């Protein structure tokens with residue numbers, strides 16, 4: 001999955017080194033917003049750090065360890081979607097974040113739906129997980145909307161701007177996704 005349309009205004013595209021300035025700028029503009037839930041928006045980060053991140057994710061792709069895509073909306077980078085792969089267990093873990101100005105448009109749900117189709121149909125994964133901070137209601141709504149099962153809560157397993165938070169683990173099996181797709185024709 002190097003490029004995939006989500007709708008007439010949005011698409012997923014593989015992040016490439018040439019996208020580093022736009023990625024850096026998106027993070028810079030949203031540093032406070034992202035810092036609420038994620039540890040990476042460090043004020044010392046640079047365009048070069050964004051480029052190294054992208055190059056590292058491309059290396060992971062070449063090694064079969066994962067896939068990192070940009071979520072684009074109206075021609076602008078809106079966020080990042082990743083699939084970390086665990087090939088021996090045929091399992092993947094989805095992660096995502098959006099710039100604040102792009103929230104509330106259904107972008108992450110549509111992006112995850114496309115990535116789930118790819119993960120189960122093309123990569124033949126057996127299981128996909130999404131891990132969320134328990135207090136991050138927006139993030140938790142995505143797997144719940146897509147039919148994931150809440151499987152576990154790891155107590156005080158992640159550090160957020162709010163302090164220690166529980167990590168909620170959601171899981172979805174290939175057969176559950178296939179049944180969901182066949183029942184409603186979509187995820």
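The values are calculated or read from the model by the stated rules, or taken from the named source; none is laboratory data. From a predicted model like this one, the values you see are computed outputs, not experimental measurements. Glycine also receives a Cβ, built like all others from the backbone with ideal geometry; neighbour counts cover every protein chain displayed.
A few comments on the model shown:
- Candidates in the stretch 15-37 are the residues that are touching a strand residue (DSSP E or B) at 6+ places or on another chain (Cβ under 6 Å) and not in a helix (DSSP H, G or I); of these, the one that is modelled with the highest pLDDT is 15.
- Here residue 157 meets each of (1) under 14 Å from residue 112 (Cβ atoms); (2) modelled with pLDDT under 95 with one exception, condition (1).
- Unique residue being touching a strand residue (DSSP E or B) at 6+ places or on another chain (Cβ under 9 Å) and without any contact (Cβ under 8 Å) to a residue 12 or more places away in the chain when the list is 81, 164, 77, 98: 164
- Condition check for residue 128: assigned to a strand (DSSP E or B), modelled with pLDDT of 95 or more and in contact with a strand residue (DSSP E or B) (Cβ under 8 Å, 6 or more places away or on another chain): yes
- Verdict on residue 135 being outside any helix (DSSP H, G or I), at pLDDT below 95 and surrounded by fewer than 20 Cβ atoms within 10 Å (Cβ to Cβ): yes
- Residue 150 meets the conditions (1) over 15 Å from the mean Cα position of the chain (by Cα); (2) assigned to a helix (DSSP H, G or I) in every case but one. The failed one is (2).
- Residue 95 over 15 Å from the mean Cα position of the chain (by Cα) and either over 25 Å from residue 160 (Cβ atoms) or modelled with pLDDT of 95 or more (or both): no
- Screening residue 72 against (1) part of a loop (DSSP other than H, G, I, E, B); (2) touching a strand residue (DSSP E or B) at 6+ places or on another chain (Cβ under 8 Å) leaves a single unmet condition, (1).
- Criterion applied to 114, 119 was being in contact (Cβ under 8 Å) with a residue 40 or more places away in the chain and either in contact with a strand residue (DSSP E or B) (Cβ under 7 Å, 6 or more places away or on another chain) or assigned to a loop (DSSP other than H, G, I, E, B) (or both), and the one residue passing it is 114.
- Yes/no for residue 88 being part of a helix (DSSP H, G or I) and modelled with pLDDT under 95: yes
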